[in-house]
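The values are calculated or read from the model by the stated rules, or taken from the named source; none is laboratory data. In this text the structure is predicted, and so the values were computed from the model without any measurement. In this analysis, Cβ positions are derived from the backbone assuming ideal geometry, glycine residues included, and neighbour counts consider all displayed protein chains. For accessibility, only protein heavy atoms count, side chains too; no ligands or nucleic acids. Shrake-Rupley method; radii C 1.70, N 1.55, O 1.52, S 1.80 Å.
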Amino acid sequence: MGEIKVSPDYNWFRSTVPLKKIIVDDDDSKIWSLYDAGPRNIRCPLIFLPPVSGTADVFFRQILALTGWGYRVIALQYPVYWDHLEFCDGFRKLLDHLQLDKVHLFGASLGGFLAQKFAEYTHKSPRVHSLILCNSFSDTSIFNQTWTANSFWLMPAFMLKKIVLGNFSSGPVDPMMADAIDFMVDRLESLGQSELASRLTLNCQNSYVEPHKIRDIPVTIMDVFDQSALSTEAKEEMYKLYPNARRAHLKTGGNFPYLCRSAEVNLYVQIHLLQFHGTKYAAIDPSMVSAEELEVQKGNLSISQEEQ
């Protein structure tokens with residue numbers, strides 16, 4: 001039990017990357033927690049948004065690997081926000097505070113939905129340069145909970161935890177997936193009633209993504225072929241919504257591939273970010289990119305511009 005929590009990697013991460021707390025709203029109870037790692041001169045980093053049960057450190061394997069390769073990576077934990085507009089406004093203020101004009105977003109489950117909503121919210125003055133959507137969805141009605149969304153705030157914490165745990169895999173899983181589930185259960189235990197209630201409200205409040213507002217953003221859809229909380233219909237809906245998206249399929253990985261299949265996830269993230277190398281929206285330190293690779297990227301860039 002709790003293998004990840006006592007692993008050398010996790011302990012190294014916790015001892016080397018500080019957790020920052022930032023308030024950007026008038027209400028000083030709304031605190032953003034984040035890990036910001038990698039070269040500070042990068043102005044368009046990759047930002048990770050967690051699922052309902054997640055805290056910022058669930059992406060520690062991505063932070064360790066990607067910063068080692070020269071990327072700037074930020075992993076976030078949301079304050080208590082009760083609707084999507086409030087979240088988007090708070091997130092915009094956070095980016096302003098961090099002096100980041102544009103960012104790449106990696107969102108897992110609810111994080112992916114919020115990433116899409118933020119891209120939609122800022123479409124007139126774009127703040128999102130690209131999206132990686134992991135086990136995510138585009139319409140909250142798939143959970144058939146829109147009618148209870150307004151009552152989550154009344155429920156005690158144990159009941160909310162039970163609702164979230166109901167989506168975790170209960171069948172036989174391999175040891176790495178079992179460790180990932182244990183770790184996520186532990187993270188879930190660290191969340192208070194209002195944090196959980198607000199996230200479940202955001203997850204189930206009646207809302208959907210308007211694709212015409214974000215159709216020009218490069219997207220990678222990352223999903224798993226084994227059991228996860230997402231139905232096949234929800235996955236198909238995402239493919240329809242983003243017909244030009246790159247697809248990153250993992251044979252297995254359950255709900256938390258970034259923990260139990262981190263090598264594959266990190267590779268797909270690198271492939272996604274590769275298209276921006278050599279541009280001002282690169283999430284990587286140019287000195288970490290080989291000259292040959294930059295030449296190839298510039299060649300690809302000029303070809304694609306000629307096609308347009």
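Given the residues Ile181, Ile221, Ile217, which is the only one that is part of a loop (DSSP other than H, G, I, E, B), in contact (Cβ under 8 Å) with a residue 60 or more places away in the chain and open to solvent by less than 40 Å² (accessible area, probe 1.4 Å)?
Working: Ile181 fails: part of a loop (DSSP other than H, G, I, E, B); Ile221 fails: part of a loop (DSSP other than H, G, I, E, B).
Exactly one residue qualifies, and that residue is Ile217.
Given Val289, Val209, Val265, which one is crowded, with 18+ Cβ neighbours inside 10 Å, more than 29 Å from Thr148 (Cα to Cα) and in contact (Cβ under 8 Å) with a residue 40 or more places away in the chain? Break it down stepwise before answering.
Values: Val289 fails: crowded, with 18+ Cβ neighbours inside 10 Å; Val209 fails: more than 29 Å from Thr148 (Cα to Cα).
None of the other options fit; the residue is Val265.
Which of the residues that make up segment 15-36 are in contact with a strand residue (DSSP E or B) (Cβ under 8 Å, 6 or more places away or on another chain), touching a residue at least 40 places away in the same chain (Cβ under 8 Å) and more than 19 Å from Val73 (Cα to Cα)?
Val24, Lys30, Ile31
Consider Arg14 against the criteria (1) in a loop (DSSP other than H, G, I, E, B); (2) farther than 28 Å from Pro126 by Cα: it satisfies all of them except one. Which criterion is unmet?
With (1) in a loop (DSSP other than H, G, I, E, B); (2) farther than 28 Å from Pro126 by Cα applied to Arg14, the lone miss is (1).
When segment 83-98 is examined, which residues are found to be open to solvent by 40 Å² or more (accessible area, probe 1.4 Å) and either of a type in the set (Ser, Thr, Tyr) or not in a helix (DSSP H, G or I) (or both)? Reasoning before the result, please.
Step one: of segment 83-98, the residues open to solvent by 40 Å² or more (accessible area, probe 1.4 Å) are 83, 85-86, 89, 92-93, 96-97.
Residue satisfying the conditions is Asp83 alone.
Confirm whether Cys260 is more than 28 Å from Asp83 (Cα to Cα) and crowded, with 18+ Cβ neighbours inside 10 Å. Can you show your working first?
On the way: more than 28 Å from Asp83 (Cα to Cα): yes; crowded, with 18+ Cβ neighbours inside 10 Å: yes.
Taking the combined requirement at face value, the residue satisfies it.
Within segment 37-70, can you find the residues that are outside any loop (DSSP other than H, G, I, E, B) and either among the aromatic types (Phe, Trp, Tyr) or in contact (Cβ under 8 Å) with a residue 60 or more places away in the chain (or both)? Please lay out each step first, then the result.
Step one: list which residues in segment 37-70 are outside any loop (DSSP other than H, G, I, E, B), which gives 37, 46-49, 56-68.
Leu46, Phe48, Leu49, Asp57, Val58, Phe59, Phe60, Arg61, Gln62, Ala65, Leu66 - these are the residues of segment 37-70 that are outside any loop (DSSP other than H, G, I, E, B) and either among the aromatic types (Phe, Trp, Tyr) or in contact (Cβ under 8 Å) with a residue 60 or more places away in the chain (or both).
For segment 225-249: of the residues being within 25 Å of Val103 (Cα to Cα) and not in a helix (DSSP H, G or I), which is least open to solvent (accessible area, probe 1.4 Å)?
Ala248
In segment 58-68, which residues are crowded, with 16+ Cβ neighbours inside 10 Å and either touching a helix residue (DSSP H, G or I) at 6+ places or on another chain (Cβ under 7 Å) or modelled with pLDDT under 95 (or both)? Write out each step before concluding.
To start, the set of residues in segment 58-68 that are crowded, with 16+ Cβ neighbours inside 10 Å comprises 58-67.
Matches in segment 58-68: Val58, Phe59, Phe60, Arg61, Gln62, Ile63, Leu64, Ala65, Leu66.
I'd like the residue in segment 25-52 that is of a type in the set (Ser, Thr, Tyr) and surrounded by fewer than 22 Cβ atoms within 10 Å (Cβ to Cβ) and, out of all such residues, is modelled with the highest pLDDT. Talk me through it step by step, then tell me what you get.
Taking segment 25-52 first, the residues of a type in the set (Ser, Thr, Tyr) are 29, 33, 35.
If we keep only those that are surrounded by fewer than 22 Cβ atoms within 10 Å (Cβ to Cβ) too, we end up with 29, 33.
Values: Ser29: 89, Ser33: 97.
Per the criteria, the residue is Ser33.
Look at segment 99-121 and say how many of its residues are touching a Cys at 6+ places or on another chain (Cβ under 9 Å) and open to solvent by 10 Å² or more (accessible area, probe 1.4 Å).
Filtering segment 99-121 for residues touching a Cys at 6+ places or on another chain (Cβ under 9 Å) gives 100-104, 106-109, 111-112, 114, 117-118, 120-121.
Okay, now just the ones that are also open to solvent by 10 Å² or more (accessible area, probe 1.4 Å), so 101-102, 109, 117, 120-121.
Total meeting the criteria: 6.
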